[in-house]
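Let me begin by presenting the structure, written as structure tokens, before commenting on it.
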Amino acid sequence: MRNSDFRASLAEDFERFKRELPRDFPAHVRDTYRINLAARYLGEPLPHPIGKGSGQLSLNVGQLETDAEAGLAFAVLKTVIAQDPAGTQSMAAWAIHETKMKVERLGDGWTITWKGRGWDRSFEDYLALVRAGRDLTARGALLTVPSVKYHLPRLEEPFRDEEYAFTTRALAHAWGRSPLLLEKDFSPTLAGDALADEREQIVRWLREVPQRIRAHAEVRLAMKLMNARFDDDFQQEMMNAASGADTVVVFNRLFDAERGVAYGGSELSARNLRVLDQPSNRLTVQPSLSGTGNIHSGRLIVEYARRGCSSVQLHTFFQLPLEEYPATHGSRTQRALHVLIFDPRDGLIAVMLEREANGALERRNGELHFLDLCAAN
Ligand SMILES: Cc1cc2nc3c(=O)[nH]c(=O)nc-3n(C[C@H](O)[C@H](O)[C@H](O)COP(=O)(O)O)c2cc1C
């Protein structure tokens with residue numbers, strides 16, 4: 001088939017999958033378009049690059065089961081606040097409860113305003129969610145990864161190792177297999193906190209946290225970096241300082257100090273992509289990158305991939321009002337995947353075909369490969 005024939009099939013698939021997205025759409029994409037969507041997160045192979053970023057959409061087993069059913073590639077669980085054996089949390093200010101949430105347009109994209117922060121139920125409840133995620137992962141239904149916010153000291157203070165030890169061991173025990181896959185969250189509200197006033201302090205965290213965690217279990221570690229309140233060069237410096245992680249998630253939401261809230265939208269993706277565009281002295285292979293921030297089309301997935309991201313983590317786009325998705329049936333996750341993959345103009349397939357047509361992406365053994373977008377970086 002020629003590129004133009006693929007485009008005709010795409011328009012048809014987009015229409016018919018509005019009613020029902022096949023669970024194994026990556027196999028369909030490979031058969032029909034000869035496009036291999038295989039991707040990678042934290043060293044794990046994925047059927048396609050799209051996962052769910054940590055937040056309110058991965059708080060309970062029901063959400064994970066719906067995502068598994070929809071064919072999502074992976075889900076990062078809501079961030080839990082670390083604790084020591086007595087239950088003391090140095091980052092307790094992040095375990096606040098808040099239900100009010102507002103989804104609104106912001107520039108060429110969407111943002112959610114919400115004042116809540118980390119997991120606000122018991123640590124035992126979190127471990128139960130981790131075990132449910134472990135079972136879904138073992139069945140090959142959905143890769144799930146817990147997320148933690150651990151103690152972060154001021155420059156002159158030591159790390160509270162009891163929190164690192166207790167929390168890491170408990171998660172590793174609940175996961176039951178080695179290595180434990182784990183994401184460490186450096187959140188946007190942290191960027192707004194006085195704790196993050198000093199560059200040196202942030203750089204120390206990024207350098208030292210991997211060994212603090214790994215001292216207590218075999219861990220494959222992703223570090224999700226915040227957008228600090230400094231310039232683009234400092235974002236690069238943070239990425240370099242995080243080189244002890246296996247994967248770096250780039251970059252969590254922006255922080256509006258005046259309103260005291262985190263936000264996303266086009267300003268977020270513009271900044272993230274601009275920082276990733278800068279020449280860096282990072283080793284090309286390690287750590288690998290996972291993109292996050294205002295991803296609401298296949299075109300944006302490709303923009304992150306071209307800058308080295310072998311997977312992406314969306315949150316806001318899975319939370320839009322139903323009428324914003326072109327699909328008419330299915331869960332929000334299915335409807336989001338449908339448009340992200342099959343939109344005839346800005347979907348992942350369309351953009352990969354477009355790159356083939358203009359010579360930016362070539363077939364290998366007859367197939368276009370998603371991961372070749374990252375390799376070209
Ligand atoms: C309401 C809300 C809650 C979030 N909670 C967390 C969290 O607990 N831990 C975390 O690492 N990221 C959290 N995030 C960040 C998202 O996972 C995501 O990285 C970020 O919002 C950028 O992607 P997006 O523009 O697709 O939303 C949260 C985001 C939102 C909007």
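The values are calculated or read from the model by the stated rules, or taken from the named source; none is laboratory data. Predicted model, so just to flag it, every value in this text is computed and none were measured. When we count neighbours, we look across all protein chains shown, and the Cβ atoms used for this are built from the backbone with ideal geometry, even at glycine. Calculation scope for accessible area: heavy atoms of the full protein, side chains included, ligands and nucleic acids excluded. Shrake-Rupley method; radii C 1.70, N 1.55, O 1.52, S 1.80 Å.
So which lysines pass the test for residue 18, namely a Cα distance under 26 Å, with those fewer than 8 places away in the same chain ruled out?
Straight-distance partners of residue 18: 52.
Could you tell me the center-to-center distance, by alpha carbons, between region 1-22 and region 246-306 in angstrom?
The two parts, judged by their Cα centres, are 30 Å apart.
What FRET efficiency comes out for residue 161 versus residue 357 if R0 is 45 angstrom and r is the Cβ-Cβ distance? Round to the nearest 0.05.
0.25
Measuring from the lowest to the highest alpha carbon on each principal axis, how far does region 13-170 reach, largest first, in angstroms?
Result for region 13-170: principal-axis Cα extents of 58, 37, 30 Å.
Heavy atoms of the protein only, probe of 1.4 Å, neighbouring chains included. What is the accessible area of residue 44 in Å², nearest 10?
The value for residue 44 is about 50 Å².
Of all DSSP beta bridges located in the chain, what percent are antiparallel, nearest 5?
Among the beta bridges of the chain, antiparallel pairing accounts for roughly 25 percent.
So for the pair residue 169, residue 365, with labels modelled 7 Å out along Cα→Cβ, what separation do we get in nm?
Modelled inter-label distance: 4.6 nm.
Going highest first, how would you order 231-240, 298-307 by mean Cβ packing within 10 Å?
Highest to lowest by the protection proxy: 298-307, 231-240.
Just to verify a number: FRET efficiency for residue 178 and residue 154, C-beta to C-beta distance, R0 = 30 Å, to 0.05?
My answer for the efficiency is 0.35.
Percentage of Cα-Cα pair distances in the chain greater than 33 Å, rounded to whole percent?
More than 33 Å apart: 26 percent of the Cα pairs in the chain.
Identify which of 40, 259, 177 has the largest mean-square fluctuation in a Gaussian network model of the chain, with springs joining Cα atoms closer than 10 Å.
Result: 259 has the largest fluctuation of those listed.
Excluding residues on the same chain fewer than 8 positions from residue 115, give the aspartates and glutamates whose Cα lies under 16 Å from its Cα.
Within reach: 98, 104, 193, 256, 258.
Which of 49, 226, 278 sits closest to the plus end of the dipole of the chain, meaning its Cα is farthest towards the positive end, when Lys and Arg get +1 and Asp and Glu get -1 on the C-beta?
Ranked along the dipole, the leading option is 49.
Please find the FRET efficiency linking residue 121 to residue 34, where r is the Cβ-Cβ separation and R0 is fixed at 51 Å, and quote it to the nearest 0.05.
For R0 = 51 Å, the calculated efficiency reads 0.65.
If contacts are Cα pairs under 8 angstrom and at least 6 residues apart, what is the relative contact order of region 61-220 in percent?
With pairs under 8 Å counted, the relative contact order is 26 percent.
Starting from 0 in steps of 10 Å, tell me what percent of the Cα-Cα pairs of region 299-355 lands in each bin.
Binned Cα distances yield the sequence 23, 51, 24, 2.
Tell me, what is the per residue accessible area of the chain in Å², probe radius 1.4 Å?
For the chain, the solvent-accessible area averages 41 Å² per residue.
How big is the charge dipole of the chain about its Cα centre, in debye rounded to the nearest 20, if each Lys and Arg gets +1 on its Cβ and each Asp and Glu gets -1 on its Cβ?
Using Cβ point charges on Lys, Arg, Asp and Glu, the chain gives about 480 debye.
To the nearest 20 debye, what is the magnitude of the charge dipole of region 1-84 about its Cα centre, counting +1 on the Cβ of each Lys and Arg and -1 on the Cβ of each Asp and Glu?
300 debye
In whole percent, what relative contact order does the chain give with Cα contacts below 8 Å and a gap of six or more residues?
20 percent
Pulled fully out, how much extra length does the chain show between residue 139 and residue 97, if you take 0.36 nm times their separation in residues and subtract their Cα-Cα distance?
Between residue 139 and residue 97, full extension yields an extra 11.9 nm.
Of all accessible surface on the chain at a 1.4 Å probe, what whole percent is carbon and sulfur?
46 percent
Quick one: what do you get for region 27-70 if you divide its Cα Rg by 2.2 N^0.38 Å?
My calculation over the Cα atoms of region 27-70 gives 1.40.
Mind checking which of 342, 14, 186 has the largest fluctuation in a GNM of the chain, springs on alpha carbons under 10 Å?
14
Once you place label points 7 Å from the Cα toward the Cβ at residue 15 and residue 197, how far apart are they in nm?
With each label point 7 Å from Cα toward Cβ, the separation is 6.2 nm.
So what's the projected area for region 226-328, the Cα convex hull averaged over all directions, in nm²?
Taking the Cα atoms of region 226-328, their convex hull projects to 7.4 nm² on average.
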